[in-house]
Amino acid sequence: MTQDDGWRLFRGDRTPREVDFPQAPPWRQFAGADAAGHRVRHRPYLIGRTEADVVSAALHLRRPLLVTGHPGTGKSSLAHAVAHELRLGPVLQWPVNSRSVLKDALYGYDAIGRLRETHLRREHDATEPDIGTFVRLGPLGTALVPRARPRVLLVDELDKGDVDLPNDLLTVFEEGEFEIPELSRLPEAQSEVEVLTHDPEGGRVTVTRGLVRCREFPVVVITSNGERDFPPAFLRRCVRLNLPDPDEERLRDIVAAHLGDGALSNVDDLLYAFLNRRAPGELATDQLLNAVFLRKGGVNLNAEGLLDAVLHRLGGTV
């Protein structure tokens, strides 16, 4: 084995061996928990003054922030950066897809589970289960729970959802409240019900008369890849922010923030290869970080096809 082969953990020679796994990239490590016990990850984030001012404007106006930009420009990471810097707790995430509906983001009710549990307890002459055990607030519903300080809600890739979904969000974004009919129909003696939340660490909150109404409007970050247009009424209620593709200077700053200043030595060829290959929307910044991290770990990126595998196009057929 040559010295250059030392980075090859898998060799494809069908020979079993034990290997010492190298340390993962910082952005693929879980750093444990913060002072409040929330699970955290290493997420250094760089943003220009102009873009940061737009975020501040959305915070002052209590309006959702609609973030656009090419893949890899940091749209989703912005929500985590805001939550970290303002100490607003872990981000509540709603990844939108073609099957997403507003109700799922607000709450879920396991009627079948409640019916089954009620039947079993009646058979054993036990107390019937509390309905709150079968109600769980979704990410949007949890974000609207009244608190002294707002939570951060990430609505990721809204443009992948149904065409009516943005309009469905309008009332909730305007009123800051929603009703859970299964709880509002309960008798007065059961006006207060403890329900589960979408918090990563779990927990329960009390819902009164089936109404969830925020005290402080949550910090809502909505991302879009620009795959389709949104209704004017929806856009009017958002503050728009477009994140530009980072230039060479910003790319160097990003590499240093993630991997240290020492990572900038002997990577000019990778940086220029990235810039030469990059077309709008076809390469993401984390691909450059991956290449630099591998170079630092002694990986021979000149090996046939390896650089192409790391700096592959994001668009087109695979």
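The values are calculated or read from the model by the stated rules, or taken from the named source; none is laboratory data. Keep in mind the model is a prediction, meaning the values are calculated, not measured. FYI the Cβ positions are ideal-geometry reconstructions off the backbone, even for glycines, and counts take in every protein chain you see. These area figures cover heavy atoms from the full protein model, side chains too; ligands, DNA and RNA do not enter into them. Shrake-Rupley method; radii C 1.70, N 1.55, O 1.52, S 1.80 Å.
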Original post:
What are the residues in the range 191-228 that are touching a residue at least 40 places away in the same chain (Cβ under 8 Å) and open to solvent by 80 Å² or more (accessible area, probe 1.4 Å), if any?
Top reply: E194, P200, E201, R204, R213, R215, E227
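Based on this model, can you work out whether V155 counts as outside any helix (DSSP H, G or I) and more than 22 Å from V239 (Cβ to Cβ)?
On the way: outside any helix (DSSP H, G or I): yes; more than 22 Å from V239 (Cβ to Cβ): no.
No; evaluated as a whole, the condition is false for this residue.
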**OP:** Just name the residue that is modelled with the highest pLDDT out of those in the range 232-250 that are open to solvent by 30 Å² or more (accessible area, probe 1.4 Å) and part of a loop (DSSP other than H, G, I, E, B).
**Re:** R237
Original post:
Which condition does D253 not pass, out of (1) open to solvent by less than 60 Å² (accessible area, probe 1.4 Å); (2) assigned to a helix (DSSP H, G or I), if it passes all the others?
Top reply: (1)
**OP:** For A148, state whether it is part of a loop (DSSP other than H, G, I, E, B), more than 14 Å from V207 (Cβ to Cβ) and in contact (Cβ under 8 Å) with a residue 60 or more places away in the chain.
**Re:** yes
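Please work out which residue is nearest to G6 (Cα to Cα), limiting yourself to the range 258-305 and to residues that are β-branched (V, I, T) and not in a helix (DSSP H, G or I).
First, the residues of the range 258-305 that are β-branched (V, I, T): 267, 285, 292, 299.
With the extra rule that they be not in a helix (DSSP H, G or I), the set shrinks to 267, 299.
Working: V267: 20, V299: 8 Å.
Out of the qualifying residues, it is V299.
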Original post:
So N97 clears everything in (1) in contact with a Gly (Cβ under 9 Å, 6 or more places away or on another chain); (2) farther than 19 Å from T206 by Cα; (3) open to solvent by less than 50 Å² (accessible area, probe 1.4 Å) except one condition, right? Which one?
Top reply: (3)
**OP:** Would you please list the contacts, defined by Cβ atoms under 6 Å and residues six or more apart or on different chains, that run from a residue in the range 284-307 that is within 13 Å of V267 (Cα to Cα) to a residue that is among the charged types (D, E, K, R)?
**Re:** N300/D4; L301/R295
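Among L259, L301, which is at pLDDT below 85 and not aromatic (F, W, Y)?
L301
Okay, residues lined up against (1) closer than 28 Å to T68 by Cα; (2) over 23 Å from the mean Cα position of the chain (by Cα); (3) open to solvent by 20 Å² or more (accessible area, probe 1.4 Å):
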| position | (1), (2), (3) |
| --- | --- |
| A257 | yes, no, yes |
| G262 | no, yes, yes |
| Y272 | yes, yes, yes |
| T285 | yes, no, no |
| N290 | yes, no, yes |
| L294 | no, yes, yes |
| G298 | no, yes, yes |
| L301 | no, yes, no |
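Could you list, in sequence order, the residues of the range 174-223 that are hydrophobic (A, V, I, L, M, F, W, C) and assigned to a loop (DSSP other than H, G, I, E, B)? First the steps, then the outcome.
In the first step, residues of the range 174-223 are kept if they are hydrophobic (A, V, I, L, M, F, W, C); the result is 178, 180, 183, 186, 189, 193, 195-196, 205, 207, 211-212, 214, 217, 219-222.
Matches in the range 174-223: I180, L186, C214, F217.
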Original post:
Condition test on R63, is it assigned to a loop (DSSP other than H, G, I, E, B), crowded, with 16+ Cβ neighbours inside 10 Å and of a type in the set (D, E, K, R)?
Top reply: yes
Original post:
Of all residues in the range 83-134, how many are in contact with a Leu (Cβ under 6 Å, 6 or more places away or on another chain), more than 20 Å from G210 (Cα to Cα) and not hydrophobic (A, V, I, L, M, F, W, C)?
Top reply: 1
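Scan the range 140-160 for residues that are open to solvent by less than 10 Å² (accessible area, probe 1.4 Å) and either closer than 19 Å to R240 by Cβ or of a type outside the set (S, T, N, Q) (or both) and report the count.
Residues of the range 140-160 that are open to solvent by less than 10 Å² (accessible area, probe 1.4 Å), as a first pass: 140-144, 152-155, 158-159.
Still in the list and also either closer than 19 Å to R240 by Cβ or of a type outside the set (S, T, N, Q) (or both): 140-141, 143-144, 152-155, 158-159.
Of the residues in the range 140-160, 10 are open to solvent by less than 10 Å² (accessible area, probe 1.4 Å) and either closer than 19 Å to R240 by Cβ or of a type outside the set (S, T, N, Q) (or both).
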